[in-house]
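Have a look at the structure below before the remarks.
The values are calculated or read from the model by the stated rules, or taken from the named source; none is laboratory data. Since we're looking at a predicted model, the values are computed, not measured. As a convention, Cβ positions derive from the backbone with ideal geometry for all residues, glycine included, and neighbour counts pool all protein chains shown. Accessible surface areas use protein heavy atoms only, side chains included; no ligands, DNA or RNA. Shrake-Rupley method; radii C 1.70, N 1.55, O 1.52, S 1.80 Å.
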Amino acid sequence: AMVSLRAPLLLLLGCSTPTSSIKLGRAAPGEGLSRRGLLARSAALAALPAPLSALAAGVASDGTTVRGVNEGMPTGEKDVAKFLQQQGFPPLPKVNGLSPLVQYIGAAPPANIDGSKQKERAFDSTLLVKFLYPSGWLVETPTLTENGEAGKIAANNYLKGDFADFVAAKLPPGKTLESIDKAFLTTFLVSQMTADVYEDVKVGKVKRLTAADGMDVAYIDFGYTLLTRAGFTVDRKGTACVHVVGGAIVGLVTGTTGQRFKSLEADLRACTESFRAYAVKKPDFAFLNGAA
């Protein structure tokens, strides 16, 4: 399953209780999956502060069970190809060093922000998103609770500062993919960033065309300056692919440092060229209707 406990476990390994340090490492030699070993790990988990123990158990802070809308999605090349074929969509291309990702987003209403407000979505239907990403990058996927859907579709190499993010924005009234200008594209490209960490965003070449699968797309090259918390700046470059679906402009926005862009450019362009988002019927997740 794509949804994992890697992030919670990293938190667990780095935290401590007021009385002792908790370690949830590998089993000792010969311990295996013994009853004693399992009980020891259960006790360590129970000793954690409530928010962390809940996170590790897959339970949100409000007590709702966290279940991944994409937890049963295929991840291997052949399985992804078979799944897409069954849905009536073209397979992802095969590129050395890149892995396939296929995910749903918009399968449930957006999660509440403060108990009453919800973040408005740009698209008006459930989307099935597919793209390639460099093997080894950490994948993020939307998750569901009884409170709604939260999270995004992305793949990142946090240590190097590389990213590939799914982004969506409302298509302005009367506008088309052909007529949107660079000012709109600039806002679109930085919409997943916080406003205090970037400046001097420049949209470069924009190439509009009809792809081999019949989709009208636009490829965008861009650059910007990253403002770090340490006070220095980093030049960054990226490339993106966008198209229209569900009343929205949707795209895969990728980027890295200016220094690394040359070595990653071919992979990033292959990722963006593989991107598509399709309007689909909402998947049936029984637990949203009160099933166990």
Task: Hits in the range 249-261 - residues which are more than 18 Å from the chain's Cα centre (by Cα) and assigned to a strand (DSSP E or B) - done: THR257
TODO: For the range 213-233, enumerate the residues that are closer than 18 Å to ASP181 by Cα and aliphatic (A, V, I, L, M).
DONE: VAL217, ALA218, ILE220
- [ ] Among the numbered conditions (1) surrounded by fewer than 23 Cβ atoms within 10 Å (Cβ to Cβ); (2) within 14 Å of TYR104 (Cβ to Cβ); (3) not polar (S, T, N, Q), tell me where GLY136 comes up short.
- [x] (2)
Task: Qualifying residue in the range 181-190 (condition: open to solvent by 40 Å² or more (accessible area, probe 1.4 Å), at pLDDT 85 or above and in a loop (DSSP other than H, G, I, E, B)) - done: yes
- [ ] May I ask you to verify whether ARG236 is assigned to a strand (DSSP E or B), among the basic types (Lys, Arg) and surrounded by 14 or more Cβ atoms within 10 Å (Cβ to Cβ)?
- [x] yes
Task: Search result, residues across the range 147-171 that are out of contact with any helix residue (DSSP H, G or I) (no Cβ under 7 Å at 6 or more places or on another chain) and part of a loop (DSSP other than H, G, I, E, B) - done: ASN147, GLY151, LYS152, ILE153, TYR158, LEU159, GLY161, LEU171
Task: Residue check for GLU265: closer than 30 Å to LEU84 by Cα, under 21 Å from the mean Cα position of the chain (by Cα) and among the charged types (D, E, K, R) - done: yes
Open item on the list: When you scan the range 205-225, do you find a residue that is of a type in the set (Asp, Glu) and in contact with a helix residue (DSSP H, G or I) (Cβ under 8 Å, 6 or more places away or on another chain), even just one?
Closed with: no
Open item on the list: Tell me yes or no: at least one residue of the range 255-268 is among the hydroxyl-bearing types (Ser, Thr, Tyr), open to solvent by 10 Å² or more (accessible area, probe 1.4 Å), closer than 18 Å to TRP137 by Cβ and in contact with a strand residue (DSSP E or B) (Cβ under 7 Å, 6 or more places away or on another chain).
Closed with: yes
- [ ] Looking for whichever is charged (D, E, K, R) and modelled with pLDDT under 95 here; the options are ASP196, ASP165, ASP221, ASP216. Which one fits?
- [x] ASP196
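Check VAL206, VAL201 and return the single one that is of a type outside the set (Asp, Glu), at pLDDT 95 or above, open to solvent by 20 Å² or more (accessible area, probe 1.4 Å) and part of a strand (DSSP E or B).
Just a single option satisfies the conditions, and that option is VAL206.
So that you can scan it fast, the table gives a plain yes or no per residue for (1) open to solvent by less than 20 Å² (accessible area, probe 1.4 Å); (2) among the aliphatic types (A, V, I, L, M); (3) at pLDDT 90 or above; (4) touching a Lys or Arg at 6+ places or on another chain (Cβ under 8 Å):
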{"position": "GLN87", "(1), (2), (3), (4)": "no, no, yes, no"}
{"position": "PRO91", "(1), (2), (3), (4)": "no, no, yes, no"}
{"position": "VAL95", "(1), (2), (3), (4)": "no, yes, yes, no"}
{"position": "THR143", "(1), (2), (3), (4)": "no, no, no, yes"}
{"position": "GLU149", "(1), (2), (3), (4)": "yes, no, no, no"}
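Looking for something free of Cβ contacts under 8 Å to residues at least 12 places away in the same chain and at negative phi - is there at least one such residue anywhere in the range 142-158?
no
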Open item on the list: Can you tell me which of (1) among the small types (Gly, Ala, Ser); (2) under 18 Å from ALA277 (Cβ atoms); (3) open to solvent by 50 Å² or more (accessible area, probe 1.4 Å) is the one ALA154 doesn't meet?
Closed with: (3)
Task: Boolean, THR176 is free of Cβ contacts under 8 Å to residues at least 60 places away in the same chain, over 26 Å from ASN96 (Cβ atoms) and surrounded by fewer than 16 Cβ atoms within 10 Å (Cβ to Cβ) - done: no
Task: Test: THR75 is touching a residue at least 60 places away in the same chain (Cβ under 8 Å), open to solvent by less than 30 Å² (accessible area, probe 1.4 Å) and polar (S, T, N, Q) - done: no
- [ ] Please verify whether the range 102-115 includes one or more residues that are out of contact with any Asp or Glu (no Cβ under 8 Å at 6 or more places or on another chain) and in a helix (DSSP H, G or I).
- [x] no
